[in-house]
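A short write-up of the structure that comes next.
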Amino acid sequence: MAIKNVMVIGAGQMGSGIAQVCAQSGYTVFLNDLSADQIERGLKGIKKNLGRAVEKGKLEADAMEETLSRISASTSLEDAAEVDLVIEAAVENIAVKADIFRKLDKIAPAHAILATNTSSLPITEIAAETDRPEKVIGMHFMNPVPVMKLVEIIRGLATADEVYKEIEEMTRVLNKVPVEVNDFPGFVSNRILMPMINEAIYTLYEGVASKEAIDDVMKLGMNHPMGPLTLADFIGLDTCLYIMETLYEGFGDSKYRPCPLLRKYVKAGWLGKKSGRGFYEYQ
Ligand SMILES: CC(=O)CC(=O)SCCNC(=O)CCNC(=O)[C@H](O)C(C)(C)COP(=O)(O)OP(=O)(O)OC[C@H]1O[C@@H](n2cnc3c(N)ncnc32)[C@H](O)[C@@H]1OP(=O)(O)O
Ligand SMILES: NC(=O)C1=CN([C@@H]2O[C@H](COP(=O)(O)OP(=O)(O)OC[C@H]3O[C@@H](n4cnc5c(N)ncnc54)[C@H](OP(=O)(O)O)[C@@H]3O)[C@@H](O)[C@H]2O)C=CC1
């Protein structure tokens, strides 16, 4: 079965990026979120990205219009009745994702694959919410989606080989590189990245250095494109905390305890770039 019609759930930074790259590769896309306002914000981001590519001469103006015409706004999960694949990119919360997958299972056609862009949560547990665990899979894009090449593909315990192959093939169509990993908390990417970010936050919390100094050490000393505190703001501090909680609970090991400063910032609503303030301030 060839995938043609896709629904992306969550029009935040990841969902809008995923919708953009799918539409650019010829898929028709429903971009779904709870509110029309959030979808409008997501679409605005997509238009800005594509517009920048046109200005730089990397994309024809016609191609931009064609891409945009493939994306429809959706505030109803019922639209999943028309798709071959759903990619869920709502908030990193197991209760929210479980609820979405339970509902999708009743709406999406029997052949449809249900993928999640979760950063850390168990695919097997999400799949168990459905009566089609063989068609549930992790498809973990990196931020910013239009730029980053990697997609981690995670099989749940019951994921069928054909489903893995279809998602691997689609990843290549999106001009990205699939890497297969097993279903463990944080997979590979966030099992390694997020403890580094959490340690950078502890380093700030314990007064070892200023935020700028911590970022400079990792940028200039290790050639990271962004310092870890800037990267945490870019990812979203709520998402960073959710991932650390998943690692902490999933492994039951105190080495993954989230830094109290991270908790405090999230409680204050300082979520990073997306809320205008995190470790740094943004206009
Ligand atoms: C949390 C998880 O579950 C997993 C994750 O995603 S972890 C996060 C993984 N991502 C990272 O680690 C990103 C680290 N940062 C970087 O790689 C770079 O800083 C960056 C790519 C974001 C920006 O690169 P830069 O060289 O500083 O900036 P800049 O020159 O402005 O941009 C480079 C290109 O990216 C594009 N770009 C930058 N930010 C973008 C964005 N938010 N959306 C779309 N495109 C973007 C630019 O348009 C530019 O495109 P062209 O090459 O076609 O001109
Ligand atoms: N940020 C990152 O760097 C990366 C994140 N991810 C993962 O991608 C997912 C999304 O993250 P990100 O885009 O950063 O988060 P954002 O907060 O930017 O976006 C999440 C979006 O999902 C919406 N949403 C929440 N609940 C529902 C629902 N029930 N149905 C439809 N939409 C819903 C939110 O709406 P509202 O704001 O109204 O609640 C919001 O628009 C998470 O699972 C995250 O772990 C994966 C890779 C990288």
Legend entry - ³J(HN,Hα) computed for each position of the range 268-283 - Karplus, 6.51 cos²θ - 1.76 cosθ + 1.60, integer Hz, glycine/proline x: 6, x, 8, 9, x, 3, 5, 9, x, 8, x, 5, 10, 10, 10, 8
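What's the long-distance tail for the range 112-208, i.e. % of Cα pairs beyond 24 Å? Write down the numbers at each step before the final one.
Numbers: 1287 of 4656 pairs.
Roughly 28 percent, once rounded to a whole number.
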Inset, instruction - Would you mind working out the accessible area per residue for the range 82-166, using a 1.4 Å probe, and quoting it in Å²? - result: 37 Å²
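Sort T239, T116 by heavy-atom solvent-accessible area, probe 1.4 angstrom, most to least.
Values: T239 30, T116 0 Å².
These residues rank, largest area first, as T239, T116.
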Inset, instruction - Compare D161, D37, D84, D253 by solvent-accessible area with a 1.4 Å probe and give them largest first, with all protein chains kept in place. - result: D37, D161, D253, D84
Inset, instruction - Could you tell me the distance between the Cα centroids of the range 201-221 and the range 78-155, to the nearest Å? - result: 35 Å
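Tell me whether the range 1-89 comes out rounded, prolate or oblate; compute the Cα gyration tensor, take square roots of the eigenvalues as a ≥ b ≥ c, and use a/c under 1.5 as the rounded threshold. Mind dumping the intermediate values first?
Numbers: a/c = 2.32, a/b = 1.40, b/c = 1.65.
The shape class here is oblate.
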Legend entry - Long-range amide H partners of S72 with built H, under 5 Å: V29, F30, L31
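Keeping all protein chains in place, calculate the accessible area per residue for the range 173-283 (probe 1.4 angstrom), answer in Å². Intermediate values should be presented prior to the final figure.
On the way: 5990 Å² over 111 residues.
Result: 54 Å² of accessible area for each residue.
I need the helices of the chain that pass two filters: whole DSSP H segments spanning 15 Å or more by Cα along the axis, and mean Kyte-Doolittle score no lower than 0.5.
Values: long enough: 13-24 (17 Å, 0.38); 36-55 (28 Å, -0.75); 94-107 (20 Å, 0.34); 161-173 (18 Å, -1.01); 189-205 (24 Å, 0.35); 211-222 (16 Å, -0.05); 237-251 (21 Å, 0.55).
Passing helices, by number: 237-251.
Taking all protein chains as present, what is the carbon and sulfur share of the accessible area of the range 190-272, in % to the nearest whole number, probe 1.4 Å?
Details: 2350 of 4230 Å².
On the range 190-272, the fraction of accessible area on carbon and sulfur atoms equals 56 percent.
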Legend entry - Share of carbon and sulfur in the accessible heavy-atom surface of the range 5-182 [1.4 Å probe, %]: 51 percent
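Looking at this model, which pairs from K211/K264; K106/K165; K103/K267 are more than 27 angstrom apart at the alpha-carbon? Don't jump to the answer; show the numbers that get you there.
Details: K211/K264 16 Å; K106/K165 24 Å; K103/K267 30 Å.
Over 27 Å apart, Cα to Cα: K103/K267.
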Inset, instruction - Please report, to one decimal in angstroms, the Kirkwood hydrodynamic radius of the chain built from all distinct Cα-Cα pairs. - result: 19.4 Å
Legend entry - Size of charge dipole - the range 40-111 - debye, nearest 20, with Cβ of Lys, Arg +1 and Asp, Glu -1, no other charges: 360 debye
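The values are calculated or read from the model by the stated rules, or taken from the named source; none is laboratory data. This structure is a prediction, so every number in the text was calculated from the model and none was measured. Glycine also receives a Cβ, built like all others from the backbone with ideal geometry; neighbour counts cover every protein chain displayed. The accessibility values were calculated without ligands, DNA or RNA, using every heavy atom of the protein model including side chains. Shrake-Rupley method; radii C 1.70, N 1.55, O 1.52, S 1.80 Å.
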